[in-house]
Amino acid sequence: MSKTPSNTTYYAPHGGHPPQTDLLTDRAMFTEAYAVIPKGVMRDIVTSHLPFWTGTRLWVLARPLSGFAETFSQYIVEVAPGGGSDRPEQDAQAEGVIFVVEGEIDLTLQRAQHTLKPGGYAFIPPGSEWALRNASDAPARFHWIRKRYQAVDGIAPPDAFVTNEQDIEPIPMPGTEGRWVTTRFVDMADMRHDMHVNIVTFEPGGVIPFAETHVMEHGLYVLEGKAVYRLNQDWVEVEAGDFMWLRAFCPQACYAGGPSRFRYLLYKDVNRHMNLTLGAQR
């Protein structure tokens, strides 16, 4: 199995505002089991801002909601040239993953300097000392996934690391002849980690051939291509730039009809006991 082609591109929103002549009809939906936030929803009017960040706006795709998905938040962050933060995270218990989809950023993590370009991936442990700047002459856009880390007595928290998708060998799903592969940034057996953020790739015609029904919550951002996705009892068309948000036990499957491959950034919570207190984070 070859590595991801170096000419890979990732969809990133640019905002803007539709004209008054556009139809209101869209694919956005929020149900008791899942939500779909299509790329056309990510306009200027729905951006947010954060304390201690300059030259920055973001689209909030997911946040913990009682009775829905409760373990994570996910942003698409846009940083203008010269923008960034020396105090990016105010929650000392929050871990994070950054994945760059456009432009480049300079990341200082545990006093080490890194330049992340598209495909760049950074894991930020809880309590980390870090800062982020855009020193280039073009806007940078990246995903920032945050989760309250669930410490376990006797297991050390995971270490910080920085890599790029291009440097990781995708792992094929057994019996799929390479039509369905996953780029894993963390060893599945590493109990230090309580979340995985992977990239899943389907070649045209590739499928998830059963309705996955499991406890893991998901955030799925489509990086490339299009497909039809089974969400609960519905088949939904999705394309590059769309986000799917799934609560625990929402049945899910996929058919990638082409003409190009279908790829998404996938969050899931893993490797911890289920909390037996109703409403508490797993």
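Restricting attention to the range 164-180, the residues being surrounded by fewer than 13 Cβ atoms within 10 Å (Cβ to Cβ), in a loop (DSSP other than H, G, I, E, B) and in contact (Cβ under 8 Å) with a residue 40 or more places away in the chain number 1.
Only one entry in Gly225, Gly241, Gly258 is over 23 Å from Met188 (Cβ atoms) and in contact with a helix residue (DSSP H, G or I) (Cβ under 7 Å, 6 or more places away or on another chain), namely Gly241.
Among the residues in the range 208-217, are any closer than 18 Å to Phe72 by Cβ and without any contact (Cβ under 8 Å) to a residue 40 or more places away in the chain? Yes, some residue in the range 208-217 is closer than 18 Å to Phe72 by Cβ and without any contact (Cβ under 8 Å) to a residue 40 or more places away in the chain.
Within the range 181-202, none of the residues are outside any strand (DSSP E or B), open to solvent by 10 Å² or more (accessible area, probe 1.4 Å), farther than 24 Å from Ile124 by Cβ and among the charged types (D, E, K, R). Out of the residues in the range 72-106 meeting the condition of being more than 24 Å from Asp242 (Cα to Cα) and either outside any strand (DSSP E or B) or in contact with a helix residue (DSSP H, G or I) (Cβ under 6 Å, 6 or more places away or on another chain) (or both), tell me which one is most open to solvent (accessible area, probe 1.4 Å). Only one residue fits best here, namely Arg87. All conditions but one from (1) in contact (Cβ under 8 Å) with a residue 12 or more places away in the chain; (2) surrounded by fewer than 19 Cβ atoms within 10 Å (Cβ to Cβ); (3) in a strand (DSSP E or B) apply to Gly205; the one that does not is (3). Here Arg27 meets the list (1) more than 22 Å from Cys250 (Cβ to Cβ); (2) of a type in the set (D, E, K, R); (3) surrounded by 11 or more Cβ atoms within 10 Å (Cβ to Cβ) almost entirely, failing just condition (1). The selection criterion, being open to solvent by less than 40 Å² (accessible area, probe 1.4 Å), touching a His at 6+ places or on another chain (Cβ under 8 Å) and either more than 30 Å from Gly206 (Cβ to Cβ) or among the polar types (S, T, N, Q) (or both), holds for Pro158. Of the residues making up the range 118-151, those that are aliphatic (A, V, I, L, M) and open to solvent by 30 Å² or more (accessible area, probe 1.4 Å) are Ala135, Ala138, Ala151.
Residues that are modelled with pLDDT of 95 or more and closer than 22 Å to Thr71 by Cα: list the strands (runs of 3 or more DSSP E) wholly contained in the range 107-163 that include at least 2 such residues.
Working: elements: 112-116, 120-124, 130-133, 140-148.
Hits in the range 107-163: 120-124, 140-148.
Across the range 53-60, a minimum of one residue is classified as open to solvent by less than 30 Å² (accessible area, probe 1.4 Å) and within 17 Å of the chain's Cα centre (by Cα).
The values are calculated or read from the model by the stated rules, or taken from the named source; none is laboratory data. Remember, it's a predicted structure, so these values are computed and weren't measured experimentally. We place every Cβ from the backbone using ideal geometry, glycine too, and count neighbours over all the protein chains shown. Side chains are part of the model used for accessible areas, which takes the heavy atoms of the whole protein and leaves out ligands, DNA and RNA. Shrake-Rupley method; radii C 1.70, N 1.55, O 1.52, S 1.80 Å.
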